[in-house]
Amino acid sequence: MNAVPTPLAAASTSGADLLLWVAVPYICLAVFVVGHIWRYRQDQFGWTSRTTQLLEHRWLRFGSPLFHLGAFMVIAGHVVGLAIPDSWTEAVGITEHAYHTTAVWAGSVAGVAMVAGLGMLCARRLLTRQIRLGTDRSDKLLFPLLSATVVLGITATAAHNVFGAGYDYRSTVSVWFRGLFVLQPQPEAITGAPLLFQLHALSAFLLFAAWPFTRLVHVWSAPIGYLARPYLVYRRRSAPTAAPTTAGRTRSASGSGRAA
Ligand code: HEM
């Protein structure tokens with residue numbers, strides 16, 4: 001437990017709270033770590049996004065970039081909102097008002113992109129026969145869990161921070177979240193949070209537990225090196241030349257050589 005006394009520490013914690021806000025998250029994180037090691041050792045050839053681009057590309061062309069762009073923005077927002085204490089952002093001159101306004105606007109854009117993209121990915125999976133037939137048990141777990149997490153997240157933001165009176169999750173949900181990773185769990189920090197935030201956090205942890213057994217493992221193998229790799233140089237294949245004379249060698253070297 002936290003050695004530093006806080007007002008939150010005064011709140012009582014029941015067995016159910018300990019189960020939901022300490023045991024379940026740690027079990028999910030353990031499954032996340034051990035599951036990845038197991039999958040890597042057992043199934044390196046299956047470690048892919050299992051793309052269905054060849055089966056359907058019209059929806060994928062829009063749905064995939066929209067979903068991934070939204071996801072990158074949401075991840076960045078979560079790192080700032082959950083991992084960085086509000087005292088730190090205030091210390092560098094970001095006021096609570098500035099943080100809140102940016103979080104609501106950027107979070108809403110990111111959330112809408114993610115929902116729209118994920119909606120398209122789910123729709124093509126349901127509506128395209130070949131993709132539906134290739135949908136396995138891991139997909140049947142992943143897509144509903146991912147959708148629930150994203151929809152609960154954006155609903156919590158909309159209900160409380162866009163249309164509602166505003167909810168300062170950085171002094172509750174974020175405190176609970178950080179407590180888990182510094183091994184000083186503070187379940188009492190989240191027990192009073194609105195239900196939508198609680199459900200969102202729980203479904204996110206279930207998603208972490210399912211992660212290693214799904215196509216989400218491709219996240220750790222994204223070909224980021226492609227962004228900086230040198231260009232591949234292609235040259236037109238030349239017609240087979242006659243006897244290798246000195247002149248012929250000179251022609252080949254001058255530009256119409258084999259593909260590099
Ligand atoms: C335990 C982990 C997580 C916690 C504690 C958490 C917490 C939160 C909180 C507090 C918000 C409200 C942000 C605001 O109103 O400004 C939020 C929003 C959101 N979350 Fe999460 N989240 C977690 C994991 C995830 C995951 C894994 C996903 C996606 C797969 C996700 C997707 C979203 C989305 C789409 C929103 C709405 C857009 C936004 O405000 O960024 N969250 N989450």
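The values are calculated or read from the model by the stated rules, or taken from the named source; none is laboratory data. Given the structure is predicted, the values throughout are model-derived calculations rather than measurements. Cβ atoms come from the backbone with ideal geometry, glycine included; neighbour counts cover every protein chain shown. Please note that ligands, DNA and RNA were not included when accessible areas were found on the heavy atoms of the full protein model with its side chains. Shrake-Rupley method; radii C 1.70, N 1.55, O 1.52, S 1.80 Å.
Numerical summary
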item	result
Peptides 54-61, 119-126 ordered by average Cβ neighbours within 10 Å, highest first	119-126, 54-61
Scattering curve values for segment 58-100, log₁₀ I(q)/I(0), Debye with Cα scatterers, q = 0.25 Å⁻¹	-0.82
Ranked by how many other beta carbons lie within 10 Å on average, peptides 215-222, 110-117 from highest	110-117, 215-222
Of Leu199, Cys28, Val92, farthest towards positive along the dipole that unit charges on Lys, Arg, Asp, Glu beta carbons give the chain	Cys28
Global geometry of segment 121-177, whether rounded, prolate or oblate, following the gyration tensor of its Cα atoms and the 1.5 cut on a/c	oblate
At least 15 Å along the helix axis (C-alpha) and Kyte average at least 0.5, DSSP helices within the chain	24-42, 58-78, 96-127, 137-156, 195-210
Surface per residue (accessible, 1.4 Å probe) for the chain, Å²	64
Förster-model FRET efficiency, 25 Å R0, Ser147 and Ile224, C-beta, rounded to 0.05	0.40
Segment 81-198 - charge dipole about Cα centre, Lys and Arg +1 at Cβ, Asp and Glu -1, debye rounded to 20	800
Three-way shape call for segment 1-127 based on the alpha-carbon gyration tensor, with the a/c threshold at 1.5	oblate
Rounded, prolate or oblate (a/c below 1.5 giving rounded, otherwise prolate when a/b exceeds b/c) for the chain by Cα gyration tensor	prolate
Simple spin-label estimate for Ile75 and Leu18 in nanometres, 7 Å along Cα-Cβ	3.5
